[in-house]
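These notes concern the structure reproduced below.
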Amino acid sequence: MAGLSNLIEQFIKELIDEMDGVVEIQRNELASQFECAPSQINYVLSTRFTPYKGYYIESRRGGGGYIKIVKVKLQEDLSLNNIIQNIVGESLTENKAYEIVAALGEEEVISPREAEIIKAAVSDRAFNCDPGERNVIRASVLRNILLVLVK
């Protein structure tokens with residue numbers, strides 16, 4: 001299934017690029033095109049097109065239902081202050097932190113080297129503390145790094 005998920009993700013990303021960052025698709029039509037269940041489309045959307053990765057998804061159910069996917073352009077639409085306040089939050093898993101860093105890298109807000117440094121700073125290995133405290137400390141560290149980038 002990973003292969004199919006990758007194909008669906010790549011297809012949707014190409015559509016988004018062709019449509020200047022916004023695409024509307026019908027889940028059933030996409031499922032038919034890839035000969036898979038609509039739940040497979042849901043899986044790809046919920047795991048690979050998240051706010052942490054720089055995407056906003058809006059869906060409408062029913063007869064003419066659609067899914068609208070918007071690629072948030074971090075430099076234009078979403079300031080680092082907004083990321084700090086609304087996405088990082090008070091607690092952050094290693095995975096979500098890496099997704100945020102990857103999105104900043106994709107949008108060229110940070111360089112590949114900066115991305116690797118930030119990932120090292122927020123990795124589980126960097127925290128020698130109670131596992132329950134890691135996510136709170138990680139969020140604090142990432143917020144402070146992003147505050148420096150805002151300057």
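The values are calculated or read from the model by the stated rules, or taken from the named source; none is laboratory data. Nothing here was measured: the structure is a model prediction, and the numbers come from that model. In this analysis, Cβ positions are derived from the backbone assuming ideal geometry, glycine residues included, and neighbour counts consider all displayed protein chains.
Restricting attention to the range 1-36, the residues that are surrounded by fewer than 17 Cβ atoms within 10 Å (Cβ to Cβ), touching a helix residue (DSSP H, G or I) at 6+ places or on another chain (Cβ under 7 Å) and either at pLDDT below 90 or of a type in the set (Lys, Arg) (or both) add up to 1. If only residues of the range 37-69 that are touching a strand residue (DSSP E or B) at 6+ places or on another chain (Cβ under 7 Å), modelled with pLDDT of 85 or more and not basic (Lys, Arg) are counted, the one that is farthest from Val88 (Cα to Cα) is Ile67. For the subset of the range 118-142 comprising residues that are under 16 Å from Gly105 (Cα atoms) and either charged (D, E, K, R) or surrounded by 11 or more Cβ atoms within 10 Å (Cβ to Cβ) (or both), which member is farthest from the chain's Cα centre (by Cα)? Ranking the qualifying residues of the range 118-142, first place goes to Ala121. If the condition is being assigned to a loop (DSSP other than H, G, I, E, B) and surrounded by 17 or more Cβ atoms within 10 Å (Cβ to Cβ), then the range 37-49 contributes only Phe49.
Here Ile87 fulfils each of the conditions (1) assigned to a helix (DSSP H, G or I); (2) modelled with pLDDT under 80; (3) in the same structural domain as Glu24 (by TED's automatic domain parsing) apart from (3).
Restricting the range 12-30 to residues that are part of a loop (DSSP other than H, G, I, E, B) and under 17 Å from Glu107 (Cβ atoms), the residue that is nearest to the chain's Cα centre (by Cα) is Gly21.
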